[in-house]
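> I have a structure I would like to understand better, so I am pasting it below and will then ask my questions one at a time.
Values quoted throughout were computed directly from the atomic coordinates according to the rules given, and no laboratory measurement underlies them. Model, not experiment: these values are computed from the prediction. No Cβ is skipped: glycine too gets one built from the backbone with ideal geometry, and neighbour counts run over all protein chains shown.
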Amino acid sequence: MMKKLLAACALAAAMLGVAPAWADDSASAASTVETLAASVVADASAPAVAPAAASEAVAAAAPAAPTVTINKGDNSWLMVCAALVVLMSIPGLALFYGGLVRSKNMLSVLMQVFTVFSLISVLWVIYGYSLAFTEGNAFFGSFSKLLLKGVTPDSIAATFNKGIGVSELIYVAFQGAFAAITCGLIVGSFAERIKFSAVLVFCVIWFTFSYIPVAHMVWYWAGPDAYTSADAAAAATKTAGFLFQDGALDFAGGTVVHINAAIAGLVGAYFVGKRVGYGRDAMTPHSLTMTMIGASLLWFGWFGFNAGSALEANGTAALAFINTWAAPAAAALSWTIAEWCLKGKPSLLGAASGAVAGLVVITPAAGFVGVGGGLIMGLIAGVAGLWGVHGLKRLLGADDSLDVFGVHGVCGILGALLTAVFASPDLGGTGVWDYVANGVASGYSIWGQLKIQAIGVVLTIVWSGVVAAIAYKLVDLAIGLRVKEDEEREGLDVTSHGEKAYNM
């Protein structure tokens, strides 16, 4: 296992899109994964297209797969969820971030989030979906669906039940919205001092060499209909992403979205440097009203983010939905109470930040853990997030402007690890699903799954960090990362965009 991890990290440093041949020889170190090698984790985020897209090896090993048909209810649900994820980014994330900066930089943050969302959406259609969700190797897909070649209104993407699919076009949009908001999250780490052009160029590089491969490693598989026998399951698993082969659990993006973005943001905070006057001048949020509105829209949209990752309007979606309601509520309360005890006063910013921390922590676990487990995860996340934006931030010494790592990094890592604990059927979780037997796999091991989750976390940290460092350095050499000091003092709204958020 360590041999595979080291080789994967070396690949990240080289930023190459070709995986070594050994990637298909993966074997599990834990008994849970041995079970999954003959079935598959019920990982609720992204199957590839329906079984027709599986490799020749899978087709040879498996009996004829049943006809996959579209369920109109699932299709409608996923359309709504895709729209909700868009709402999370624009206006949700944009307003949440915009209210946290000083008034002279309000529009610059709105512009960065809005434009990054648009840019990544276009790149997703051009090549992102193809490289992330087609069969290639353990780290990247192929170029077979550039510009969505072959994806028509009749194309079907698999869900997590055999014989049931959704329209591939809406699946493309749903996953594209995930990619777009992930890149938007990074903006908060270097807000108020980075060049607009630098943001865009960095996002193109990082999206291509970090988001796409991590999404492929965690979420790509051949779909449930390929798992007709033990031999077919083993063959199908070999065509999946690197971390999926190992049995990593990530329901809606703990590693792919939150850890991935948080590490890129933290590296960016170091590369771009601290804001002028950081530690001396007051840099308080200019509009907590805007931040509250943004946080509320994030929470609302997150129901689509998490519950939509079930890909079907079923009981798993309902479980993810209620966890997305209860866990952030618990986190908001625990952050508020902890802050009240430490500082003497509860703050709106703390409550809103706590809710976001709870949303982050439950994301990888939403469809795997029971409601009790989700509540416990939320309570822990509120305290962990508070520590992340205060104690840990001081230790790191980085000017992470809007605490992207303190919330998304800390709680993303926490959520990925706690998923292994509370997914256990003994603690009210769902366990993992055996698609050959069509039932919950026996012999779930918390410790075994925890090791798998830890490997996924470490790999994501190293991969994203290396890619981000190279990308920032390239952008700095080519066009420069930071605006001039006088422009920063005047504010990026005027100096970068020629506008003001407030004309009074």
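> How large is the charge dipole for the chain, taken about the Cα centre, if only the Cβ atoms of Lys, Arg (+1) and Asp, Glu (-1) carry charge, to the nearest 20 debye? Provide the component values of the computation, followed by the final result.
On the way: 24 positive and 30 negative charges, 229 e Å.
The calculation lands at about 1100 debye.
> While we're on this one: Just to confirm the number: angle between the C-alpha axis of helix 196-206 and the first principal axis of the chain, 0 to 90 degrees, nearest 10?
The answer is roughly 20 degrees.
> Still on this structure, please answer the following. Tilt of helix 260-272 relative to the longest C-alpha principal axis of the chain, in degrees (0 to 90, nearest 10)?
Value to nearest ten degrees: 30.
> Let me ask something additional. If you count, for each residue, the other Cβ atoms within 10 Å and average over each peptide, how do 118-131, 473-486, 357-370 line up from highest to lowest?
On the way: 118-131: 19.9, 473-486: 14.4, 357-370: 32.1.
Result, highest mean Cβ count within 10 Å first: 357-370, 118-131, 473-486.
> Starting from 0.36 nm per residue, how many nanometres of slack lie between Ser118 and Lys500 once their C-alpha separation is accounted for?
Values: separation 382, 0.36 × 382 = 137.52 nm, distance 2.19 nm.
Value of the extension gain: 135.3 nm.
> Share of antiparallel DSSP beta bridges in the chain, in percent to the nearest 5?
Working: 7 of 9 bridges.
Percentage antiparallel, nearest 5: 80.
> Cα-Cα over 21 Å: which of Lys393/Lys473; Lys104/Lys345; Lys195/Lys484; Lys473/Lys500; Lys195/Lys274? Each step should come with its number before you reach the end.
Working: Lys393/Lys473 23 Å; Lys104/Lys345 28 Å; Lys195/Lys484 9 Å; Lys473/Lys500 31 Å; Lys195/Lys274 14 Å.
Exceeds cut-off: Lys393/Lys473; Lys104/Lys345; Lys473/Lys500.
> I'd like to compare 428-434, 67-73, 184-190: which one has the highest average count of other Cβ atoms within 10 Å, and what's the full order after that? Display every interim value, and only then the final one.
Details: 428-434: 21.7, 67-73: 14.6, 184-190: 27.7.
Going from most to least packed, we get 184-190, 428-434, 67-73.
> Still on this structure, please answer the following. Residues of segment 385-405 with the amide nitrogen closer than 17 Å to a label point 7 Å from the Cα of Arg280, along Cα-to-Cβ, please.
399
> Let me ask something else about it. Angle, helix 168-186 long axis vs. longest principal axis of the chain, Cα atoms, 0 to 90°, nearest 10?
40
> Run through every distinct alpha carbon pair of the chain and return the Kirkwood hydrodynamic radius in angstroms, one decimal place.
Values: mean 1/r = 0.0446 Å⁻¹.
Here the Kirkwood hydrodynamic radius works out to 22.4 Å.
> Hey, fewest Cβ within 10 Å first, where do Arg394, Arg489 land in order? Provide the component values of the computation, followed by the final result.
On the way: Arg394 9, Arg489 14.
With the fewest neighbours first, Arg394, Arg489 line up as Arg394, Arg489.
> Rank-order 294-302, 89-97 by packing density, defined as the average count of other C-beta atoms within 10 Å over each peptide's residues, highest first.
Values: 294-302: 22.1, 89-97: 24.9.
Top to bottom by mean Cβ count within 10 Å: 89-97, 294-302.
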